[in-house]
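Below is one structure; the comments refer to it alone.
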Amino acid sequence: MGKREIKKAAKRLEIFNVATKLFVQFGYDNVTTAEIATQSHIAKKTLFEYFSSKENIIFDHETNLIDALILALPPESNIWEAFIAFVRKSIMTPKSRQQSIIPEALQLPQIIQDSDVLTGRLLKMWAQDEKKLSAYFQTIGYAEAPAQALAMIMINILRQLFATEIPFETLLAAHVDIAKLISNTPNN
């Protein structure tokens, strides 16, 4: 990465940090893009060169998690076991909570809960993730219904991990029988 890219990434992170601080202090819906730009020492127009909308400051990397999950589920693997391994390695370890695969939006639950706009965007993100995961399962040999069911279970577990205090093992226990049945039956 060259100096220009490093500088741009640093400014992008600064804008995110400034916006997050403002959102926490005043609430997402009460903060304008002009205020974010001013506090970031840039023009409002420049803000939109970094982020296409105020929502995208929070949802900038929203596809990172699902893209990483799909990469962690190779067709030749036991899909359910690979999912469990991915969650344990990429989400449950304290160090991984800071990794870039976890969208910023999932690290800011209170800001999202306090805004109808962001709550709606988060629900849309999860629905898109479920569709993308289901489509992937179909490309590796699962019939439509099992692919949709398995994707729904996995996305539901991820949603609950980020939105509740329910331990991962408890979530797994609640879903394991049906998920194992579905994940072991491609082409049905």
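The values are calculated or read from the model by the stated rules, or taken from the named source; none is laboratory data. All values reported here derive from a predicted model rather than from experimental measurement. Because the Cβ atoms are built from the backbone with ideal geometry, glycine has one as well, and the counts that use them run over all protein chains shown.
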Flag for residue 62 being among the acidic types (Asp, Glu) and free of Cβ contacts under 8 Å to residues at least 40 places away in the same chain
no
For region 1-52, give me every one of the helices (runs of 4 or more DSSP H) that falls completely inside it and has 3 or more residues that are out of contact with any Gly (no Cβ under 8 Å at 6 or more places or on another chain) and of a type in the set (Lys, Arg).
3-26
From the list 46, 93, 63, pick out the single residue that is of a type in the set (Val, Ile, Thr), modelled with pLDDT of 90 or more and either farther than 30 Å from residue 175 by Cα or out of contact with any Ser or Thr (no Cβ under 9 Å at 6 or more places or on another chain) (or both).
46
Can you list the helices (runs of 4 or more DSSP H) lying wholly within region 115-188 that have 2 or more residues being surrounded by 17 or more Cβ atoms within 10 Å (Cβ to Cβ), modelled with pLDDT of 90 or more and hydrophobic (A, V, I, L, M, F, W, C)?
116-139, 144-163
Residue that is farthest from residue 50 (Cα to Cα), among those in region 1-31 that are of a type in the set (Val, Ile, Thr) and surrounded by 12 or more Cβ atoms within 10 Å (Cβ to Cβ):
24
